[in-house]
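Colleague: My questions all concern the structure below.
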């Protein structure tokens, strides 16, 4: 069975590719399975405690995830002034020599999701109650500050509607007008210690899986400052 939760963005959404640098990187248009599972883990740590969250980690990591994107997405394209630690000492007498950071610019994208977005988790009956509570306590996806509001109580359905995109299996059908996105997920080797940002154990390249996924979005308008994507059914 599938547990469905519907959210609506209350702030701008931003989530770069896991391979992007701090200086640039386009935003994805939906949360990735990895981001969703990290949100579930965060919810478990806050509501159940770290020990209980650790015991649930393997169930969270191995979840089968599907996403129904928002009906429209408007992406703003901009350059932003940022501070970045020095790689090499600054020259004497320059404005940047007065502190530990250098002033530079970085490319940023922020997405306004128009309309509700849904996530689906394939679960057994025994997992239902636990994951309903975890979904109820998620309040953001992607970068911290990308707040989401739950708009419907999570509910169970037997079969996944066609509007959902399977984000954890290879796609067998998709719109020819769709938009390609690289979505990352947890590998079976990703332990709780590696997922825990407070642990000294670091992630390795093989701990995150990257999948090419065609989202049912078509770019319908664009300029130097924005791009508009609309959900397509063909």
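Colleague: Pairing the Cα long axis of helix 33-48 with the longest principal axis of the chain, what angle in degrees results, from 0 to 90 and rounded to the nearest 10?
Modeller: Approximately 80 degrees, to the nearest 10.
Colleague: What order do you get for 107, 7 when you list them from fewest to most C-beta neighbours inside 10 Å?
Modeller: If I rank by nearby Cβ atoms, fewest first, I get 107, 7.
Colleague: In whole Å, how far is the Cα centre of the range 4-59 from that of the range 141-196?
Modeller: 10
Colleague: Across all directions of projection, what mean area in square nanometres is found for the Cα convex hull of the range 2-231?
Modeller: Mean orientational projected area (the range 2-231, Cα hull): 14.8 nm².
Colleague: What is the range 2-231's relative contact order, in percent, from Cα pairs under 8 angstrom and six or more apart in sequence?
Modeller: Details: 437 pairs, mean separation 74.1, N = 230.
Once divided by the residue count of the range 2-231, the mean separation gives 32 percent.
Colleague: So for each of 122-131, 187-196 I average, over its residues, the number of other beta carbons within 10 Å; can you give me the resulting order with the highest mean first?
Modeller: 187-196, 122-131
No lab work stands behind these numbers, since they all come straight from the coordinates. As the structure is a prediction and not an experimental result, all values here were calculated from the model. Every residue, glycine as well, gets a Cβ built from its backbone with ideal geometry; the counts of neighbours run over all protein chains shown.
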